[in-house]
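Written below as structure tokens is the structure these notes are about.
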Amino acid sequence: MATADLTSAAPQRTTLTPFVNEPFIDFTVAENKRAMEAALADVESMLGREYDLVIGGKRLKTDGKIISTNPARPAQVVGIHQRAEADLAETAMEAALAAFPAWSRKPAAERAALLFRAADLIRERNFEFCAWLVFEVGKNWAEADADVGETIDFLEFYGREALKLDAAKPPIQFPGERNQLRYLPLGVGAVIPPWNFPFAIMAGMTAAAIVCGNTVILKPSVDAPTIAARFLSLLEEAGLPDGVVNLCQGEGSGFGSAIVAHPQTRFIAFTGSKAVGLEIHESAARPQPGQRFIKRTILEMGGKDAIIVEGDADLDAAIEGVVASAFGFNGQKCSACSRAIVDANIYDTFCDRLQARVEQLQTGDPVKNVYTGPVISEKAFKKVLGYIEIGKTEGRLLAGGETIKTPDSGYYIQPTVFADLSPTSRIAQEEIFGPVLAVIKSGSFDEALSIANNTEYGLTGSVYSSSREKLDRAREEFHVGNLYFNRKSTGAMVGAHPFGGFNMSGTDSKAGGPDYLLLFTQAKSIGEKIGYASEAAEKQAEQMGGL
């Protein structure tokens, strides 16, 4: 059971320094390499354990189970989890509602202190959490470290932003009045995170919700439930009161749909596919019997991201940026480059050099810190292979295109590049979410911008060019939520690159930005006439004295 006394969980920070992004670990340093290898061995000894649902601080078991496995070795069980069905939705909601009054009235400083304490604990166990990410979702060491570092960043950043929000004042004090502006929590929300950043996005959405005073029903991805279970345990260690976060592993639409539709669910924070995000948005828009508010949806739903490479670009930098963006974590990022739009004047040279660079990439077991590893599941494996077959009919196979057989039957697919594609081909339009890159020729910068903007998405994009005129045009005309110049399209840093996209990429929620917490609050303006209350009190006292 979690302690209900937040202040007794750990010493509070006496001073708060300005926010700084967590530094990356250099695994070429022998000490760090040994620490990571030790963490991998330690975590491997803990694989296969069973985890409970946590509702109102109580541990629950169910008849149905969710089995999380290592995508590099599908026979290796990472964790066994209870499967929450729709009938548990009411139980979870009652627990979250019961916890809301006390939690919402906690001073903002105490709620922020919980996040800071959790950040400190994660920082102390960085290598351990990196190892869990390696085993559960197949990240190499650097990708795992970036995920853990971003988790710490979210906790540190949102804690500070909550304190700023608590100190907010209206821009004008009207003469003769005392004016206040308070940001109040909404109530109970559903947090539905993805598997590809199972620590950072899951923890970030959860932390943003609770630091504002909301309570949460957390339904993590079935492909990464163990990370969520271990995060909740850490939050409890940091002093999280019972019922503030209720962990409900669910599979399919049953439990998730029931929570989204529940009349007491005030908001849904979701990161995942466009199809599921739109279903959530549609369900949330329909008021249920007894519902007295408009539900909010905070949605991040993917992309078909493009990097434009102009003839005046630094070609070495552009190729490295495209490769890192397309094949980092096997293309399983909503920010991944899935289209390279290349100036006709350098197209052939770019394709030749890109092919040579991609063929240098090594694919293998993430435990051994190989650059690219497996895709997340058998379902994803089959989906990506299906798109590769489509690509063979639509363009020229430049690199990859095959599976990689291993003794452990991991879900490995070669980094794959198709060239000479039409901008309207399926490979260039549909989100694949795997190691597949489409290369498209452009005859002008006008055409390049037109191609970049011709999908239903608008999440990230990059331009490689030495022309200030072109970069300034892209600043205005490249319609994405996160735009980068002469750098890769992945790797958004909390605070520096608030993250969220346009069009079917979501609600432009800008996670890691200064306005993100506003999505989890409602503003209350209070105006009081100066002196009126004291005058009324004096008159009342005089009347009572006369009696």
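How about segment 12-31: which of its residues are part of a loop (DSSP other than H, G, I, E, B) and either loosely packed, with under 10 Cβ neighbours inside 10 Å or under 21 Å from the mean Cα position of the chain (by Cα) (or both)? Answer for segment 12-31, where residues must be part of a loop (DSSP other than H, G, I, E, B) and either loosely packed, with under 10 Cβ neighbours inside 10 Å or under 21 Å from the mean Cα position of the chain (by Cα) (or both): Thr14, Thr15, Thr17, Pro18, Phe19, Val20, Asn21, Glu22, Pro23, Phe24, Ile25, Thr28.
Selection of segment 344-373 for residues being in a helix (DSSP H, G or I) and either surrounded by fewer than 15 Cβ atoms within 10 Å (Cβ to Cβ) or outside the structural domain of Ser444 (by TED's automatic domain parsing) (or both) yields Asp348, Thr349, Asp352, Ala356, Glu359, Lys368.
For Ala41, are the conditions met, namely being touching a residue at least 24 places away in the same chain (Cβ under 8 Å) and not β-branched (Val, Ile, Thr)? Before you say what the answer is, go through the steps one by one.
Details: touching a residue at least 24 places away in the same chain (Cβ under 8 Å): no; not β-branched (Val, Ile, Thr): yes.
No, not satisfied.
Out of Val29, Val78, one residue alone is at pLDDT 95 or above, within 30 Å of Glu251 (Cα to Cα) and either out of contact with any Cys (no Cβ under 9 Å at 6 or more places or on another chain) or not assigned by TED's automatic domain parsing to the domain that holds Tyr412 (or both). It is Val78.
Among the residues of segment 374-383, those that are out of contact with any strand residue (DSSP E or B) (no Cβ under 7 Å at 6 or more places or on another chain) and not in a helix (DSSP H, G or I) comprise Pro374, Ile376, Ser377.
Residue pairs whose Cβ atoms lie under 6 Å apart, sitting 6 or more positions apart in sequence or on different chains, and linking a residue in segment 174-199 that is farther than 19 Å from Ala261 by Cβ to a partner that is hydroxyl-bearing (Ser, Thr, Tyr) and assigned to a loop (DSSP other than H, G, I, E, B), are Pro194/Ser221; Trp195/Ser221. When Asp42, Asp63 are checked against the criterion of being surrounded by 12 or more Cβ atoms within 10 Å (Cβ to Cβ), out of contact with any strand residue (DSSP E or B) (no Cβ under 6 Å at 6 or more places or on another chain) and either in a loop (DSSP other than H, G, I, E, B) or not polar (S, T, N, Q) (or both), Asp42 stands alone in meeting it.
I'd like to know if segment 301-315 contains one or more residues that are assigned to a helix (DSSP H, G or I) and either at pLDDT 95 or above or surrounded by fewer than 24 Cβ atoms within 10 Å (Cβ to Cβ) (or both). There is at least one residue in segment 301-315 that is assigned to a helix (DSSP H, G or I) and either at pLDDT 95 or above or surrounded by fewer than 24 Cβ atoms within 10 Å (Cβ to Cβ) (or both).
Is at least one residue of segment 4-11 within 25 Å of the chain's Cα centre (by Cα) and either at pLDDT 95 or above or not polar (S, T, N, Q) (or both)?
Kept after step one, since they are within 25 Å of the chain's Cα centre (by Cα), are these residues of segment 4-11: none.
Within segment 4-11, not a single residue is within 25 Å of the chain's Cα centre (by Cα) and either at pLDDT 95 or above or not polar (S, T, N, Q) (or both).
Among residues of segment 150-181 being part of a helix (DSSP H, G or I) and among the hydrophobic types (A, V, I, L, M, F, W, C), the one that is nearest to Leu133 (Cα to Cα) is Ile152.
When the residues of segment 389-446 are filtered to those that are among the basic types (Lys, Arg) and surrounded by fewer than 19 Cβ atoms within 10 Å (Cβ to Cβ), the one that is nearest to the chain's Cα centre (by Cα) is Arg426. Note on segment 471-516: among residues that are farther than 17 Å from Ser338 by Cα, hydroxyl-bearing (Ser, Thr, Tyr) and in contact with a helix residue (DSSP H, G or I) (Cβ under 8 Å, 6 or more places away or on another chain), the one that is modelled with the lowest pLDDT is Ser509.
Rundown of residues vs (1) farther than 20 Å from Asn246 by Cα; (2) surrounded by 18 or more Cβ atoms within 10 Å (Cβ to Cβ), yes/no style:
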{"residue": "Glu136", "(1), (2)": "yes, yes"}
{"residue": "Lys139", "(1), (2)": "yes, yes"}
{"residue": "Ala142", "(1), (2)": "yes, no"}
{"residue": "Ala146", "(1), (2)": "yes, yes"}
{"residue": "Asp153", "(1), (2)": "yes, yes"}
{"residue": "Ala162", "(1), (2)": "yes, yes"}
{"residue": "Pro170", "(1), (2)": "yes, no"}
{"residue": "Phe174", "(1), (2)": "yes, no"}
{"residue": "Phe199", "(1), (2)": "no, yes"}
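For segment 108-123, check the following and say yes or no: at least one residue is closer than 19 Å to Leu184 by Cβ, of a type in the set (A, V, I, L, M, F, W, C) and over 21 Å from the mean Cα position of the chain (by Cα). Yes, some residue in segment 108-123 is closer than 19 Å to Leu184 by Cβ, of a type in the set (A, V, I, L, M, F, W, C) and over 21 Å from the mean Cα position of the chain (by Cα). Residue pairs whose Cβ atoms lie under 8 Å apart, separated by 6 or more positions or on different chains, with the first residue in segment 138-155 and at positive phi and the second crowded, with 24+ Cβ neighbours inside 10 Å and assigned to a helix (DSSP H, G or I), are Gly138/Asn330; Gly138/Pro366.
Could you say whether any residue in segment 216-232 is on the phi > 0 side of the Ramachandran plot and assigned to a loop (DSSP other than H, G, I, E, B)? Reasoning before the result, please.
Step one: filter segment 216-232 for residues on the phi > 0 side of the Ramachandran plot, giving none.
No: zero hits.
Restrict the check to segment 82-95 and report whether at least one residue is crowded, with 21+ Cβ neighbours inside 10 Å, in a helix (DSSP H, G or I) and out of contact with any helix residue (DSSP H, G or I) (no Cβ under 9 Å at 6 or more places or on another chain). The answer is yes; a qualifying residue exists. Here is the figure for segment 453-471: residues that are more than 22 Å from Leu299 (Cβ to Cβ) and either among the small types (Gly, Ala, Ser) or more than 29 Å from the chain's Cα centre (by Cα) (or both) total 7.
The values are calculated or read from the model by the stated rules, or taken from the named source; none is laboratory data. Keep in mind that what you see is a predicted model, and the values were worked out from it rather than measured. All Cβ positions, even for glycine, are placed from backbone atoms using ideal geometry, and neighbour counts span all protein chains on display.
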